[in-house]
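Written below as structure tokens is the structure these notes are about.
The values are calculated or read from the model by the stated rules, or taken from the named source; none is laboratory data. Given the structure is predicted, the values throughout are model-derived calculations rather than measurements. Because the Cβ atoms are built from the backbone with ideal geometry, glycine has one as well, and the counts that use them run over all protein chains shown.
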């Protein structure tokens, strides 16, 4: 009788323990959509930011200083290639290529996808991704090394486009768990070309003046308008 009572007690304790463990595990499981919503909420609090940016496109490396001001103002002053500049003022994309003393300008309508996604690392970019892409964990919610052997950990999502009209068929985002900010964005084009954007030394809400996004091209530069359609 005593042995039977002990067995029942152990069984009850085990059952309660399993139930509690299951409940805790259920609370800790976060879906990819829920995590992406947290990242979106984080970026919704950001009025502007500065960062060091590195772009790798087909093995060609570019690096410089990035300024972004919500909702659509963006500027990159490049160190590599030296003195190259990209500015988006919400209506016009301007690219200065010092090697050719050329200023390339492209007008973009305010309601176009290009204007709304002037920077993927913004509340507007996140809204575009949520609207036009399916979101999933790359493997699991657990943090993984940014690169093989790296001590820097990130949480990684994979986004797959819902429509063939999107420029990137797949986007992979690596998010810093502590800050909920993008550390890396990788995009694959229809031609399966990969473009990687790395963000470091990000500083938030710096009260960047709007004048920062006004660009006066060198007087000696030739100007080419609507270059994307020529």
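Below, the figures for the structure above:
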| item | result |
| --- | --- |
| The lone exception for residue 209 - which of (1) loosely packed, with under 15 Cβ neighbours inside 10 Å; (2) touching a helix residue (DSSP H, G or I) at 6+ places or on another chain (Cβ under 9 Å) it fails | (2) |
| Meets criteria (buried (at least 19 other Cβ atoms within 10 Å of the Cβ), in a loop (DSSP other than H, G, I, E, B) and either modelled with pLDDT of 95 or more or in contact with a strand residue (DSSP E or B) (Cβ under 6 Å, 6 or more places away or on another chain) (or both)) for residue 118 | yes |
| Number of positions in segment 126-151 that are touching a residue at least 24 places away in the same chain (Cβ under 8 Å) and out of contact with any strand residue (DSSP E or B) (no Cβ under 7 Å at 6 or more places or on another chain) | 3 |
| Residues satisfying the stated conditions in segment 193-223, i.e. without any contact (Cβ under 8 Å) to a residue 60 or more places away in the chain and in a loop (DSSP other than H, G, I, E, B) | 209, 216, 219 |
